[in-house]
Structures are given as C-alpha cells and as structure tokens.
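J.: Encoded as structure tokens, here's the structure I'll be asking about.
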Amino acid sequence: MEIHDADYTLGKDLEFSGPDDPVIMHAALITIYSTGRDTVLSEVSFRQGDAMEGRCDNALVAQDNNSATLKGNVRISLDNDGTRVDIESDEVIWSGTDNTLLCNGLVKVKYGDGTDILAELFSASLDEGRYEFGRVLEGKLE
C-alpha cells in the first residue's frame, strides 16, 4: 500500500517515545508492505513534542514499529535541558525500546555553546541526555 503526503506514528505505545509525546513522522510517500519487509518512508520530517525534530531522505521502520533506520542527509535537533544539540549523519539507527540513537559512520554534532565535533561512531541516550563518541576526528570535548 502506498500513501502520499501522510503522517506515521512511530511506536505502538507511548512507552516507546517517552511518557508524553509519540514520534510523528511526515513523509511524501509511505510504502507499507503486507509482511516480511520494513515500512519505507520517503522525504521525511519528524518531531517528538518539543524535545526533538529532524529530517532525512528515507526511513525504514522495523516490523515491530519500535525502531527505525534513518538514511540520507539525516539532521536531528534535540533540546537537552534547554541546550540545543544538532546531529548530522548519513545514517542513524533509532531504537524506541532504549530511546537511543546510534551512528556507525561519520557524524557531526554541534552543541548550543558552539562546540563542533566530527567523529566516527556516536551514540545518544535520549532519556539520560548522554552522548558518547567512538573516535573524535575534529573538535574538542571539555
């Protein structure tokens, strides 16, 4: 089934996305397969209340509806206790079960104070506001 210019709610229950707000993804095209394949969203923007917003070229939502792989020009902006954190990568894996983001490749992270980091490997625990870098290539953490 194909649906054009539509919203998709990620997660089967509110536990996935936190106590208050589900993740709402808007896509130019949503392709839902009957069985055995991920749901594919194209030209995606998404939002979780006021805590997170972003966009990507494509999103593959797992059959269990509790995780997604965001691909192509992924841009995510987070509000971490009033501090903005911007994440850019070619691919981000989003786990609703753990409420985490994982980048296995290159990632650029910009903090609200102007700190810029370019790294290989990155993970974020959204519930804890914790960010971890595998290998920092440019920039400095203090």
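Where a number appears in this text, it was derived from the coordinates with a stated rule and is not lab data. Since we're looking at a predicted model, the values are computed, not measured. Don't worry about glycine lacking a Cβ; one is built from the backbone with ideal geometry, like all the others, and counts go over all protein chains shown.
J.: How much net charge surrounds Glu128 when only the other residues with a Cβ under 14 Å from the Cβ of Glu128 are counted, with Lys and Arg +1 and Asp and Glu -1?
T.: Around Glu128, the charge tally is -3.
J.: Next up: Cα-Cα pairs above 17 Å in segment 17-141: how many percent?
T.: Summing the P(r) tail past 17 Å for segment 17-141 gives 56 percent.
J.: Rounded, prolate or oblate, given the Cα gyration tensor of segment 80-142, with a/c below 1.5 counting as rounded?
T.: oblate
J.: Any chance you could get the radius of gyration and Dmax over the Cα atoms of segment 42-97, in Å?
T.: 11.2, 34
J.: In deg cm²/dmol and to the nearest 500, what is the mean residue ellipticity at 222 nm of the chain if only DSSP H runs of at least 4 residues count, each as -39500 (n - 2.57), divided by the residue total?
T.: Theoretical 222 nm ellipticity from helices: -500 deg cm²/dmol.
J.: Let me ask something else. Using label points projected 7 Å from each Cα along Cα→Cβ, tell me how many nm separate Arg37 and Asp81, to one decimal.
T.: About 4.5 nm separates the two model spin labels.
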